[in-house]
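Report on the following structure.
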Amino acid sequence: MAETTVWLIILGGLLGTYLTRLSFILLIPADRVPVVLHRGLKYIPPAVLSAILLPELVIRDGALDLTLSNYRLVAGIIAALVAWRLKNTWLTIATGMVTLWLLMAR
Amino acid sequence: MKRKKDGVPSARRELLTGIRDQLPLLLGVIPFGLIFGALAISVGLSPLAAQGFSLFVFAGSAQFIAVSLIGESASALVVILTIILVNLRHALYSASLAPSLAHLPRPWKLALGWLLTDEAFAMASRRYRGGKLGNAHWYTLGTGLTLWAAWQLSTAAGIALGAGLPPSLSLDFALPLTFMALVAPTLVDRPTLAAALSAGVLALALINLPFKLGLVAASIAGVGLGLWVESRIRPPSEHTIG
């Protein structure tokens, strides 16, 4: 792809992403935010993060894989236990990565 | 966050706390940036353009998809539309933070909006749940700037390493692990749990929708279910915001 086209994409991506991020912070007045959205705000982080996270763990090569041979799922479950019990970001990531590496090295 | 019973933490203190709270997340962000830099080079982008994506688009998963599409010779319009669709969730983040940022002058809104990413948003919303606004915008600035700097540096390192980065390290797994660490502390009651579980399962069911639209639909449905469970266990007059 030509260099100019790539920079055109970067410019479009910049505008689209930045305007989306500014949407409710700056562009749309607070009183125009629907009431139901207002009440649901605190559910946005858990909902969005889980929706990104779960498929990463259980979809392998485009198909659902809930078996123990899905190392990412196994490592993910162990990391989830750490996250749940210890609520420590650093330990959660480290445990998950190390578990995955150990499983792959077997 | 620790703070005196009366009085608000200083701007400097909030900024430093924001930076400090964001640091553990970098364990997940840096590997992701490394892979992005290496991937961008492997599909034929110039080092400058690869860094340009991180500098100007500054959105991890959208950058990955955009660069993959460029590798598949998709048209510029398709790539731009895909970036926007993948980043639609930021409108939800924007709505979520808007009430807490409403009192700030415009330059602050422009800056914090620029720095609004998954990880920075998760940390900021945790801070805003903690009560008094005070200098909390400095906290948000600290989290955002830390993430931004780490993303730029790790992208640059990935560009430099290029193909020297072995795929067998599975560094991309660091990202879901980061999200897991972010989600765990938010699961404090039944409505939140319902929102998280339903959004996750629906995202699986809708995985084949194009442009990650399933992610947006599942998230909205999850929020809806959270609200529904909340209304079942609490009388409707006691709704709290944020």
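Tabulated values for the structure
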quantity: B:Ser68 being without any contact (Cβ under 8 Å) to a residue 12 or more places away in the chain and of a type in the set (S, T, N, Q); calculated: no
quantity: Qualifying positions in region A:83-106 - in contact (Cβ under 8 Å) with a residue 24 or more places away in the chain and either of a type in the set (Val, Ile, Thr) or not assigned by TED's automatic domain parsing to the domain that holds A:Leu73 (or both); calculated: A:Thr99
quantity: Flag if B:Ala160 is among the aliphatic types (A, V, I, L, M), over 22 Å from the mean Cα position of the chain (by Cα), modelled with pLDDT of 90 or more and assigned to a helix (DSSP H, G or I); calculated: yes
quantity: Set B:Ala98, B:Ala66: member being within 7 Å of chain A (Cβ to nearest Cβ) and farther than 30 Å from B:Ala136 by Cα; calculated: B:Ala66
quantity: Qualifying residue in region A:30-50 (condition: farther than 25 Å from B:Gly224 by Cα, at the interface with another protein chain (Cβ under 8 Å from one of its Cβ atoms) and outside any helix (DSSP H, G or I)); calculated: no
quantity: Verdict on B:Ala181 being surrounded by 24 or more Cβ atoms within 10 Å (Cβ to Cβ), in contact with a Phe, Trp or Tyr (Cβ under 9 Å, 6 or more places away or on another chain) and either over 10 Å from A:Pro46 (Cα atoms) or within 7 Å of another protein chain (Cβ to nearest Cβ) (or both); calculated: yes
quantity: Pairs where the first residue, in region B:36-56, is within 23 Å of B:Ser170 (Cβ to Cβ) and the second is assigned to a loop (DSSP other than H, G, I, E, B) and modelled with pLDDT under 90, C-beta under 7 Å, 6+ apart; calculated: B:Ala38/B:Leu165
quantity: Residues that are among the aliphatic types (A, V, I, L, M) and part of a loop (DSSP other than H, G, I, E, B), drawn from region B:100-114; calculated: B:Ala102, B:Leu104
quantity: Sole residue being over 27 Å from B:Val223 (Cα atoms) and surrounded by 14 or more Cβ atoms within 10 Å (Cβ to Cβ), chosen from A:Gly16, A:Gly12; calculated: A:Gly12
quantity: Selection status of A:Arg21, charged (D, E, K, R), buried (at least 22 other Cβ atoms within 10 Å of the Cβ), at pLDDT 85 or above and in the same structural domain as A:Met97 (by TED's automatic domain parsing); calculated: no
quantity: Of all residues in region B:186-196 being more than 7 Å from every other protein chain (Cβ to nearest Cβ) and either hydrophobic (A, V, I, L, M, F, W, C) or in contact with a Pro (Cβ under 9 Å, 6 or more places away or on another chain) (or both), the one that is farthest from A:Ala51 (Cα to Cα); calculated: B:Val188
quantity: Those residues of region B:115-133 which are among the charged types (D, E, K, R) and not in a loop (DSSP other than H, G, I, E, B), in sequence order; calculated: B:Asp118, B:Glu119, B:Arg126, B:Arg127, B:Arg129
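The values are calculated or read from the model by the stated rules, or taken from the named source; none is laboratory data. For clarity, every value in this text was computed on a predicted model and none was experimentally measured. Neighbour counts are summed over all protein chains in view; Cβ atoms, including those assigned to glycine, are modelled from backbone coordinates with ideal geometry.
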